[in-house]
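J.: Here it is: the structure, laid out below.
The values are calculated or read from the model by the stated rules, or taken from the named source; none is laboratory data. Source: prediction; values computed, not measured. Positions of Cβ are generated from backbone atoms using ideal geometry, with glycine treated the same way; all protein chains shown enter the neighbour counts. Areas reflect the complete protein model, heavy atoms only, side chains present, ligands, DNA and RNA absent. Shrake-Rupley method; radii C 1.70, N 1.55, O 1.52, S 1.80 Å.
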Amino acid sequence: MKTLFVSYRVTDLDRSLGFYTALGYGELGRIEGGDAGRLAILSFPGEPAASLELVHRPDGGRVDVGTGFDHLAIQVDTLTDTLERLADAGLEPGPVQYPGGPRGPKTAWLTDPDGYRIELVQWPPGHPDGITAADFS
């Protein structure tokens, strides 16, 4: 088994698409479901398949992120360059943080139009992509 993608319910599909494409996602396709809702399927360039689905259900009421969801983590190559590009696109990422100390990962946070939090992560040199069991030994 493997995780296919994360799906977020959004208030305004066009506004959310603007945010996520400014973040760097590309739109793979849409499904227009009328009253049942509209879906946009996204991925980052170079990803082999979808990694994010945005769902807009007009009759679903307002989106309430609640307390059960914490955040989406996205790996970036160079955090400084990413933050500059996002600020130029009108997004408002937070400051660089060093949660593992000066030799650990660099992170920064931003929030999408519906309140979903996103952690941007730059691994230190030599760290493999993602988190594995080796990170806990």
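J.: Look through the stretch 118-137, keep the residues that are touching a residue at least 40 places away in the same chain (Cβ under 8 Å) and of a type in the set (D, E, K, R), and return whichever of them is nearest to residue 77 (Cα to Cα). Lay out the reasoning, then the answer.
T.: Let us first name the residues in the stretch 118-137 that are touching a residue at least 40 places away in the same chain (Cβ under 8 Å), namely 118-123, 129-130.
Keeping just the survivors that are of a type in the set (D, E, K, R) gives 119, 129.
Values: 119: 14, 129: 10 Å.
Filtering the stretch 118-137 for residues that are touching a residue at least 40 places away in the same chain (Cβ under 8 Å) and of a type in the set (D, E, K, R), the one nearest to residue 77 (Cα to Cα) comes out as 129.
J.: Let me ask another. Considering each of 5, 44, 19 in turn, give the residue that is under 12 Å from residue 112 (Cβ atoms) and not small (Gly, Ala, Ser).
T.: 19
J.: Let me ask something else about it. Within the stretch 85-107, can you find the residues that are assigned to a strand (DSSP E or B) and either touching a Lys or Arg at 6+ places or on another chain (Cβ under 8 Å) or open to solvent by 30 Å² or more (accessible area, probe 1.4 Å) (or both)? It would help to see each step written out before you state the result.
T.: From the stretch 85-107, those assigned to a strand (DSSP E or B) are 97, 106-107; that's our starting set.
97, 106, listed by residue number.
J.: I need a count of the residues in the stretch 60-84 that are outside any loop (DSSP other than H, G, I, E, B) and of a type in the set (Asp, Glu).
T.: Residues of the stretch 60-84 that are outside any loop (DSSP other than H, G, I, E, B), as a first pass: 60, 72-75, 79-84.
Still in the list and also of a type in the set (Asp, Glu): 81, 84.
Looking only at that region, the number is 2.
J.: Restricting to the stretch 54-70, name every residue that is at pLDDT 95 or above and either at positive phi or open to solvent by 100 Å² or more (accessible area, probe 1.4 Å) (or both).
T.: Of everything in the stretch 54-70, nothing turns out to be at pLDDT 95 or above and either at positive phi or open to solvent by 100 Å² or more (accessible area, probe 1.4 Å) (or both).
J.: With the requirement that a residue be β-branched (Val, Ile, Thr) and either open to solvent by less than 60 Å² (accessible area, probe 1.4 Å) or not in a loop (DSSP other than H, G, I, E, B) (or both), what does the stretch 1-53 give you?
T.: Quick first cut of the stretch 1-53, residues β-branched (Val, Ile, Thr) only: 3, 6, 10-11, 21, 31, 41.
Those that are β-branched (Val, Ile, Thr) and either open to solvent by less than 60 Å² (accessible area, probe 1.4 Å) or not in a loop (DSSP other than H, G, I, E, B) (or both): 6, 10, 21, 31, 41.
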